[in-house]
Amino acid sequence: MILERIEQKKGRILQYVRLLRDIQDDCLDRFDTDPLYRGALLHYLYLMADSCIALAELVIKHKSLRLPQTYSEAIDILGDNHLLDPEFACAFARIAGFRNLLAHDYEMLDRRRICTALLQGLDEVEEYVSQLQKALG
């Protein structure tokens, strides 16, 4: 059952990545001028980031690892247990802060930060899913 949920979560994350890649063109211009674009972009970024954390928590449960106290610690635990490359996990754990920014500080969002994170972060998210796929066999 939990392996099925892990697979579903990985599929959803990759679906969000595809959707975000499809709408990333002209992000800087559209972010301020098109409220529907901005809403869709922020929504899918949030879902992607939150799903990455939920996936970490599912893998931790599946592997019976110590429970995280924070969202970023969930990613760190995967690195500590070599389910992710430890250096990659340390850097990728910042997705937890990005998720929190999207969830709680949305009125303070900087379009450059969002659009830059979008353009640079999608490859990292795909790498995250790939590393977990390899680790879980």
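Readers should treat all values here as calculations from the given coordinates under stated rules, not as data from a laboratory. Everything quoted here is computed from the prediction, not taken from an experiment. Cβ sites come from the backbone with ideal geometry, for glycine too, and all protein chains shown count toward neighbours.
Choose one of ALA93, ILE77, GLY121: the residue whose Cα lies farthest towards the positive end of the charge dipole of the chain (beta-carbon charges +1 Lys, Arg; -1 Asp, Glu; about the Cα centre).
So the residue we want is ILE77.
Note down the magnitude of the dipole of region 2-136 about its Cα centre, charges +1 on Lys and Arg C-beta and -1 on Asp and Glu C-beta and zero elsewhere, to the nearest 20 debye.
Once rounded to the nearest 20, the dipole reads 400 debye.
Could you work out the relative contact order of the chain, using alpha carbon pairs under 8 angstrom and six or more residues apart, expressed as a whole percent?
After rounding, I find 28 percent.
Go through ALA49, LEU109, ILE23 and say which Cα lies farthest out towards the positive end of the charge dipole of region 2-136; charges sit on Cβ, +1 for Lys and Arg, -1 for Asp and Glu.
Farthest along the dipole direction, towards plus: ALA49.
Helix 2-23 against the longest principal axis of the chain: what's the angle in degrees, Cα atoms only, rounded to the nearest 10?
In the chain, helix 2-23 runs at an angle near 20 degrees to the longest axis.
For volume of the Cα convex hull per residue in Å³, pick the label among (1) 99; (2) 248; (3) 129 that corresponds to the value derived from the coordinates.
Correct label is (1).
What is the order of SER130, SER64, SER51, fewest Cβ neighbours within 10 Å to most? Spell out each step's value before the answer.
Numbers: SER130 12, SER64 7, SER51 22.
Final ranking by Cβ density, sparse to dense: SER64, SER130, SER51.
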